[in-house]
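*Asks:* Could you have a look at this structure, given as structure tokens, before my questions?
What follows draws every value from the coordinates through simple rules; no lab data is involved. Being a predicted model, the structure only gives us computed values, none of them experimental. When we count neighbours, we look across all protein chains shown, and the Cβ atoms used for this are built from the backbone with ideal geometry, even at glycine.
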Amino acid sequence: MASRIISLPWRPVAARATTPPAAAGVTRALLSSSSSSSATLSSASCRRTVAFHPPAPTRHNRRSYSSSSSSDKVKFWPFIAVIAVGTAGYIGLVNRRKEMPPPPRTTGAAAAAAAAADHQQQQQQPTSTTGDTAAAAAASPVFSPADTTVIFVLGGPGAGKGTQCANLVREYGFTHLSAGDLLRAEQDRPGSQFGDLIRDHIKNGLIVPMEVTIKLLENAMRESLDNNKKQQQSNNEKNSPVATTSAGAGSAGGGRFLIDGFPRKLDQAHKFEESVCAARMVLFFDCPEAVMEERLLERGKTSGRADDNADSIRKRFRTFVDTSMPVVEYYAAQAKVVKIDATPAPDHVFAATRACLAEKLGKDF
């Protein structure tokens, strides 16, 4: 009787695939049944028994829910992949740059055009410098301190600035410009675009915007200088010694200005000196507040000024202390301030003023 050998085919389990214990038991039972029913060799030495041995579990087929500790080692392949990708990108970038055509050489007509452009730019450089010079000249003061003398006259409201300026005009031929008078004249001028603004600021004891005040002062100075030139031309045409002598004070006054009540703030002082003319000195008439208030209330009875009332006077006091005193301190640091006590009678104050000016400017000022 022929013997048959039954061979059971077996395949290795795929990676990460595991055989549950129950399934393994069923498999063993089936294999045992098949083995007992199969034919065996007639000779005991030729008989073979087929046995199934499941593969030992490895780290690849361990269950994800196993509680056994993992002995996995650090995986280096992600780092190797990153390095490989970066290297490939760098090599690709280098190759693309090598494939780009080189920049064209500047030869022939192109070189001549470049040289012409450079030469033209060099020729335009002096024009730019000239433009800068013109801009600097436009930003310089309108009047030169060498030809025009400006004296600021400062003091609290009611200190007697206007009275002393009138005495200096009569005695020495100065041109008196009162910032307050110019503002009041502008607010009453028909068609003035600043009339309402000036009126509201003066009534409330506030400082009018400096652009308005500085422009009014500049126009008044220019008008005075123009009138002085016309007067000199007229005197030269007449060629009269008497006229020349009498015009001496007026001629001096045409270039010498007493600016009363200005600047009220430090930025006004800076702006005026930058755009109009630098100040030669400052006359500061110092007076106690009580004396100034008494003078203003007395003046208000006949002046008709809207700001000669108790409320406006107090506001003007506070404004002067807060904003104008820093101006006095600024010029005092430059040794340009002449401080005069304005408490005595006007004649005594003028005598002190004249002595201070002679000491500061010389006897022939």
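*Asks:* Once you have the Cα-Cα distance between GLN233 and MET325, take 0.36 nm times their residue separation minus that, and quote the gain in nm to one decimal. Present the calculation step by step, with values, prior to reporting the outcome.
*Replies:* Values: separation 92, 0.36 × 92 = 33.12 nm, distance 4.22 nm.
That pair, GLN233 and MET325, stretches by 28.9 nm at full extension.
*Asks:* Between region 194-226 and region 332-365, what is the C-alpha centre distance in whole Å?
*Replies:* Measuring centre to centre over Cα atoms gives 27 Å.
*Asks:* Right, next: What ranking of TYR90, TYR331, TYR172 emerges when the number of other C-beta atoms within 10 Å of each C-beta is taken as an exposure proxy, fewest first? Please report the intermediate quantities before stating the final value.
*Replies:* Details: TYR90 10, TYR331 20, TYR172 16.
By the 10 Å Cβ count, ascending, the order reads TYR90, TYR172, TYR331.
*Asks:* Name the shape class, rounded, prolate or oblate, that the alpha-carbon gyration tensor gives for region 140-361, where a ≥ b ≥ c are the square roots of its eigenvalues, rounded holds for a/c under 1.5, and otherwise prolate holds if a/b is larger than b/c and oblate otherwise. Write down the numbers at each step before the final one.
*Replies:* Details: a/c = 1.59, a/b = 1.36, b/c = 1.16.
Here region 140-361 falls in the prolate category.
*Asks:* Now for a separate question. Give me the number: length gained by fully extending ALA333 to PHE79, i.e. 0.36 nm times residue separation minus the C-alpha to C-alpha distance, one decimal in nm. Present the calculation step by step, with values, prior to reporting the outcome.
*Replies:* Numbers: separation 254, 0.36 × 254 = 91.44 nm, distance 7.36 nm.
Gain on stretching ALA333 to PHE79: 84.1 nm.
*Asks:* Starting from the 7 Å offset along Cα-to-Cβ, what nm value, one decimal, do you get for the label separation of ALA310 and SER192?
*Replies:* 2.9 nm
*Asks:* Here's something else I'd like to know. Which whole-Hz couplings ³J(HN,Hα) result when phi for each residue of region 179-191 is put into the Karplus expression 6.51 cos²θ - 1.76 cosθ + 1.60, θ = phi - 60°, listed in order with x for Gly and Pro?
*Replies:* 3J(HN,Hα) across region 179-191, in whole Hz: 4, x, 5, 5, 5, 5, 5, 5, 5, 8, 6, x, x.
*Asks:* Follow-up question, since we're still on this one. Checking the table LYS161/LYS265; LYS271/LYS315; LYS238/LYS363 against a 19 Å threshold on Cα-Cα, which pairs fail? Intermediate values should be presented prior to the final figure.
*Replies:* Numbers: LYS161/LYS265 17 Å; LYS271/LYS315 25 Å; LYS238/LYS363 31 Å.
Exceeds cut-off: LYS271/LYS315; LYS238/LYS363.
*Asks:* When Lys and Arg each count +1 and Asp and Glu each count -1, what net charge do the other residues less than 15 Å away from ASN236, Cβ to Cβ, add up to?
*Replies:* Details: positive: LYS229, LYS230, LYS238; negative: GLU237.
Combined, the nearby Lys, Arg, Asp and Glu give +2.
*Asks:* Please list 3J(HN,Hα) in residue order for region 207-215, calculated via the Karplus relation 6.51 cos²θ - 1.76 cosθ + 1.60 where θ = phi - 60°; whole Hz, with x for glycine and proline.
*Replies:* Per-residue couplings from phi come out as 8, 5, x, 5, 4, 5, 5, 5, 5 Hz.
*Asks:* Right, something else. Checking the table LYS229/LYS360; LYS215/LYS339; LYS301/LYS336 against a 30 Å threshold on Cα-Cα, which pairs fail? All intermediate terms of the calculation are to be shown ahead of the outcome.
*Replies:* Numbers: LYS229/LYS360 28 Å; LYS215/LYS339 28 Å; LYS301/LYS336 36 Å.
Result: LYS301/LYS336 exceed 30 Å.
*Asks:* If we sort 312-320, 343-351 on the protection proxy, mean other Cβ atoms within 10 Å, highest first, what's the order?
*Replies:* For the peptides 312-320, 343-351, the packing ranking is 312-320, 343-351.
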